[in-house]
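The structure appears right after this line, and notes come after that.
The values are calculated or read from the model by the stated rules, or taken from the named source; none is laboratory data. Please read all numbers here as calculations on a predicted model, not as lab measurements. Every residue, glycine as well, gets a Cβ built from its backbone with ideal geometry; the counts of neighbours run over all protein chains shown.
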Amino acid sequence: MSQREWIEKDFYKELGVSADASQDEIKKAYRKLARDNHPDARPGDNRAEERFKAVSEAHAVLSDPAKRREYDETRKLFAGGGFGRGGGFQPGAGGGFSQNFDIGDIFGTGAAGAGDGGLGDLLGGLFNRGGGPRGAASRPRRGADVETETTLGFREAAQGVTVPLRMTSPAPCTTCHGSGAKPGTSPRTCPNCNGAGVVSRNQGAFGFSEPCDECRGTGSLIDDPCVDCRGTGVQNRTRTITVRIPPGVGDGQRIRLAGQGEAGLRGAPSGDLFVTVHVSQDKVFGRNGDDLTLVLPVSYAELVLGTTVSVPTLDGRVGVKVPPGTADGRILRVRGRGVPKRSGGAGDLLVTVKVAVPPKLDDNAVQALQRYQEAEKTSGFDPRAGWAGA
Ligand SMILES: [Zn+2]
Ligand SMILES: [Zn+2]
């Protein structure tokens, strides 16, 4: 990306955040926009795709504190849009430097006719940060991060699973291996900028740098472009990658897979892939952190007399002892039979007992229950003893 683009593009506006937004706010805004405009979510919607690219680009700069600082500085310096467009940089003419900027400082002692060694050097230094003939503008651009989503079954998420993810995204061209040049040839250094990607121009006393027109800021020229990628070094490819989801991942969690994102231009490193995991509900199990929860239906008699019930876990069944006199709604804990923890071991299985009331009984059972009710009274049990002031 060239400095000119930086000056023309408002990444903060793109993400809908303020210029002093925290890294967290930037990340949040980006995730939402990337999700809403993701090509997989809105296939064929070109505007969404453009937007997706734009927010990815904005995020790539603003999420990197060093790049963000450079971006902020560049824009501050050129606030007012004095750069490049019309007569170049015009100090004091309603743009350029802020009011407090003492222009004498840059020109040093010999303010008049400073020419070389003056403003040009200052800007040159800014633009070539990173040093050498191939400065910041020509450094190959790392591929964008890619966001995608997947939905896992409850048990898969709890136990960990390997899933194939199908994604359409730019990848290094297989024909030219990302160089952009036809196989057997290679890009040559741009003679106009000597590979720097920027050129200096002098306007009277002021010199300034702007992206090289010849190579469009890349620093190299391709005489014989690869036909398969038209010289970009990148092809859109649908690929299926196999992603290992660790055990215990929760609904809405985001997993980072380094280097699995978009290919960088002309052999630059790839971005990262972020997979947001959705976990579907289970008929039996629920989750509370690392603990697995379930509701165990029991009869009144089972609670009173006690019993042992076989209940499912993520890994086979386990016998749960319901002690005599267990109250309805009590939670029984089975240690170590919950969700595997990243740190090793597992959470607990929490079994909530819940009385199932028969909607209908046969005469025999009804009579037995009536006899029981009498016997219960005789034994002195009052369900509402001490209740509501009674
Ligand atoms: Zn190619
Ligand atoms: Zn050039």
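Taking region 1-39 as the search range and keeping residues that are touching a Gly at 6+ places or on another chain (Cβ under 9 Å) and part of a loop (DSSP other than H, G, I, E, B), which one is modelled with the lowest pLDDT?
Among them, the one singled out is MET1.
Read through the list (1) within 16 Å of ligand 1 (Cβ to nearest atom); (2) aliphatic (A, V, I, L, M); (3) in contact (Cβ under 8 Å) with a residue 40 or more places away in the chain, then give the number of the only condition that ILE241 fails.
(1)
Where the second residue is within 15 Å of ligand 1 (Cβ to nearest atom) and outside any strand (DSSP E or B) and the first is small (Gly, Ala, Ser) and lies in region 207-230, which pairs have Cβ atoms under 8 Å and are six or more apart or on separate chains?
SER220/PRO187; SER220/ARG266
Among the acidic types (Asp, Glu) and within 27 Å of GLY261 (Cα to Cα): which single residue out of ASP224, ASP228 fits that description? Reasoning before the result, please.
Working: ASP224 fails: within 27 Å of GLY261 (Cα to Cα).
Selected residue: ASP228, the only one of ASP224, ASP228 that is among the acidic types (Asp, Glu) and within 27 Å of GLY261 (Cα to Cα).
Mind telling me which of the residues ASP251, ASP272 ends up being charged (D, E, K, R), closer than 25 Å to GLU57 by Cα, away from ligand 2 (no atom under 16 Å from the Cβ) and not assigned by TED's automatic domain parsing to the domain that holds LYS28?
The conditions single out ASP272.
Output the number of the condition that THR307 fails; it satisfies all remaining conditions of (1) surrounded by fewer than 15 Cβ atoms within 10 Å (Cβ to Cβ); (2) modelled with pLDDT of 90 or more.
It fails just one condition, (1).
Does ARG266 meet the test of being more than 19 Å from the chain's Cα centre (by Cα), of a type outside the set (Gly, Ala, Ser), at pLDDT below 90 and not assigned by TED's automatic domain parsing to the domain that holds VAL355?
Values: more than 19 Å from the chain's Cα centre (by Cα): yes; of a type outside the set (Gly, Ala, Ser): yes; at pLDDT below 90: yes; not assigned by TED's automatic domain parsing to the domain that holds VAL355: yes.
When the stated conditions are applied, ARG266 passes them.
Counting only residues that are part of a strand (DSSP E or B) and in contact with a helix residue (DSSP H, G or I) (Cβ under 8 Å, 6 or more places away or on another chain), which one in region 318-360 is surrounded by the fewest Cβ atoms within 10 Å (Cβ to Cβ)? Even if it seems obvious, please write down each step before you answer.
Residues of region 318-360 part of a strand (DSSP E or B): 318-322, 331-334, 340, 346, 349-355.
With in contact with a helix residue (DSSP H, G or I) (Cβ under 8 Å, 6 or more places away or on another chain) added as a condition, the list becomes 322, 340, 353, 355.
On the way: VAL322: 20, PRO340: 18, VAL353: 20, VAL355: 14.
Within region 318-360, the match that is surrounded by the fewest Cβ atoms within 10 Å (Cβ to Cβ) is VAL355.
Please note which strands (runs of 3 or more DSSP E) are completely contained in region 142-247 and include at least 2 residues that are surrounded by 15 or more Cβ atoms within 10 Å (Cβ to Cβ), of a type outside the set (A, V, I, L, M, F, W, C) and away from ligand 2 (no atom under 16 Å from the Cβ). Outline the logic, then answer.
Details: elements: 146-152, 161-172, 198-203, 206-211, 234-245.
Here the list reads 146-152, 161-172.
I'd like to verify a number: residues in region 140-178 that are closer than 21 Å to CYS215 by Cβ and touching a strand residue (DSSP E or B) at 6+ places or on another chain (Cβ under 9 Å), how many?
From region 140-178, those closer than 21 Å to CYS215 by Cβ are 140-143, 170, 172-173, 176-178; that's our starting set.
Checking the rest, the ones that are also touching a strand residue (DSSP E or B) at 6+ places or on another chain (Cβ under 9 Å) come to 143, 170, 172-173, 176, 178.
The number of residues fulfilling the criteria is 6.
Report every pair of residues separated by at least 6 positions or lying on different chains whose Cβ atoms are under 8 Å apart, first residue within region 177-204 and free of Cβ contacts under 8 Å to residues at least 12 places away in the same chain, second assigned to a strand (DSSP E or B) and away from ligand 2 (no atom under 16 Å from the Cβ).
none
Restricted to region 259-299, and to residues that are of a type in the set (A, V, I, L, M) and not in a strand (DSSP E or B), which residue is surrounded by the most Cβ atoms within 10 Å (Cβ to Cβ)?
From region 259-299, those of a type in the set (A, V, I, L, M) are 263, 265, 268, 273, 275, 277, 279, 284, 292, 294-296, 298; that's our starting set.
Still in the list and also not in a strand (DSSP E or B): 263, 265, 268, 284.
Values: ALA263: 24, LEU265: 19, ALA268: 16, VAL284: 14.
That would be ALA263.
Tell me, please, whether a residue that is within 26 Å of the chain's Cα centre (by Cα) and not hydroxyl-bearing (Ser, Thr, Tyr) can be found in region 318-338. I'd like the intermediate steps shown before the answer.
Of region 318-338, the ones within 26 Å of the chain's Cα centre (by Cα) are none.
No, region 318-338 has no match at all.
Going residue by residue through region 361-373, is there one that turns out to be exposed (fewer than 10 other Cβ atoms within 10 Å of the Cβ) and in a helix (DSSP H, G or I)? Reasoning before the result, please.
Step one: list which residues in region 361-373 are exposed (fewer than 10 other Cβ atoms within 10 Å of the Cβ), which gives 362-364.
Still in the list and also in a helix (DSSP H, G or I): 363-364.
Yes, there is a match, as at least one residue in region 361-373 is exposed (fewer than 10 other Cβ atoms within 10 Å of the Cβ) and in a helix (DSSP H, G or I).
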